[in-house]
1. Any residue at all in the stretch 195-211 that's surrounded by 13 or more Cβ atoms within 10 Å (Cβ to Cβ), at pLDDT 95 or above, touching a helix residue (DSSP H, G or I) at 6+ places or on another chain (Cβ under 9 Å) and in a loop (DSSP other than H, G, I, E, B)?
2. Would you point out the residue of the stretch 377-423, among those that are within 21 Å of residue 239 (Cβ to Cβ), part of a helix (DSSP H, G or I) and within 15 Å of the chain's Cα centre (by Cα), that is farthest from the ligand (Cβ to nearest atom)?
3. What about residue 260, is it in contact with a strand residue (DSSP E or B) (Cβ under 8 Å, 6 or more places away or on another chain) and within 13 Å of the ligand (Cβ to nearest atom)?
4. Would you check if residue 324 is in contact with a helix residue (DSSP H, G or I) (Cβ under 8 Å, 6 or more places away or on another chain), modelled with pLDDT of 95 or more, away from the ligand (no atom under 16 Å from the Cβ) and under 29 Å from residue 54 (Cβ atoms)?
5. Return only the number of the condition from (1) closer than 18 Å to residue 211 by Cα; (2) buried (at least 20 other Cβ atoms within 10 Å of the Cβ) that residue 56 does not satisfy.
6. Please note which strands (runs of 3 or more DSSP E) are completely contained in the stretch 107-162 and include at least 1 residues that are within 22 Å of the chain's Cα centre (by Cα) and crowded, with 17+ Cβ neighbours inside 10 Å.
7. Any idea which residue in the stretch 309-324 is nearest to residue 378 (Cα to Cα), counting only those that are over 23 Å from the mean Cα position of the chain (by Cα) and in a loop (DSSP other than H, G, I, E, B)?
8. Can you tell me how many residues within the stretch 275-299 are assigned to a loop (DSSP other than H, G, I, E, B) and either under 22 Å from residue 22 (Cα atoms) or at pLDDT below 90 (or both)?
Ligand code: 0RQ
């Protein structure tokens, strides 16, 4: 057992460092700030020091900021959402590889990122037999512990006690041709064990800390988020009526994080639903409430991104939540096979969609990274129904979220079934591209942009003799160009 300052002496310039953490939960609390300080000192003394940083997804923003501020990250993978790191990426000083979260474990196993020199993993305890009790996120920790040459463990006594047993760590994944089916047929199926294994010979340092996860603040839904949520809830009712979704239980829900996702979950409170389930990658406070009310009976996730009040609730009612929440590795929480089998209702945010339903979730004006694709592609392509949500405008109305053509595509028209803005819901299922465009313009676009979109669509048809997906190639990005030149797409 050593101090964090001593533990980070095992990390060297150029190392590939894989750390725990997914959303705001489970980032090593002391070791990473100590690493940032060490990198800062070494750099100040004139020696280059940067690491390649592998994580579950975004990690605690305070932590990532410290590393980015000292230019300590040469390469980042697979997802970030921190402003300083984002700035470094967009100014070309940090490499960023943005991949589907379910693909990370396999790609690291296959050596795409070289060898993993060291893993730094937060755990909430170590059992007498040397197995590790996970903390509030699982992410890629199982993989990091398996592949890293050295391991630093950060044992955090600030994690809600009795969390032991809520995790389901599956050790059955393999590389082709040795893969077996992943036998999750219900959200609450357990197929693994509650702890991580680690080769004790690899553990070079154990750091003790008592630092609860910094809570993720939750804001009350604004009018726009509420309107989006109302359209989604109407859609559920419509699908129940059509016999495509079970009346009480729907199908397992996956929701991204943020205001809109929270508003949708909040709306389920009033829909008369009982016995819903959730198979997702992040659980926020709204989900705890639904579980408490019996509206949701089981939730599977890879991370608990709760507010301070949410963590207090979890701690106070841990016996109740224990059998109702399962934390899994992200290769399982996001696994295409399981997502398809369970038939998820996948709901994710987007930056913009084009009139044919291609979605950009990641690149501002097609060039600058916002966050990353995260799990949205895992869920959207494989879900039972894939829904993308966004306000119809951004930046005070200067940007339309519905554009002629997206300048970066994360989710193609083939993966996108329903688009929702506060203006309405475009059900794109069964529609050909030209009919999709009509639905997108009429239902989702903000009235300020409808005429311009209509004009583009009509001229594109006239110029191309209709075509399957009519475009004016010289004008496809005119909305974006106008914004860059004038500050508005109008
Ligand atoms: O900018 O923060 O500077 O004000 O983008 O926009 O409307 O607050 O939306 O917080 O729900 O994020 C797609 C980014 C939406 C998110 C995205 C600007 C806008 C604002 C945020 P400011 P909102 P949200 C589960 C699944 C990919 C990963 C994913 C995301 C900021 O949902 O990262 O789905 N998704 N993972 O002003 C330029 C546009 C814009 C725009 C919005 N068209 N052009 N800027 N903004 N639309 C989670 C995980 O994987 C962990």
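1. Within the stretch 195-211, one or more residues are surrounded by 13 or more Cβ atoms within 10 Å (Cβ to Cβ), at pLDDT 95 or above, touching a helix residue (DSSP H, G or I) at 6+ places or on another chain (Cβ under 9 Å) and in a loop (DSSP other than H, G, I, E, B).
2. 381
3. Considered against the rule, which asks whether it is in contact with a strand residue (DSSP E or B) (Cβ under 8 Å, 6 or more places away or on another chain) and within 13 Å of the ligand (Cβ to nearest atom), residue 260 comes out as yes.
4. The answer is no for residue 324.
5. Going through the list (1) closer than 18 Å to residue 211 by Cα; (2) buried (at least 20 other Cβ atoms within 10 Å of the Cβ), residue 56 breaks only (1).
6. 118-126, 132-134
7. So the residue we want is 323.
8. Of the residues in that region, 3 qualify.
The values are calculated or read from the model by the stated rules, or taken from the named source; none is laboratory data. Since we're looking at a predicted model, the values are computed, not measured. No Cβ is skipped: glycine too gets one built from the backbone with ideal geometry, and neighbour counts run over all protein chains shown.
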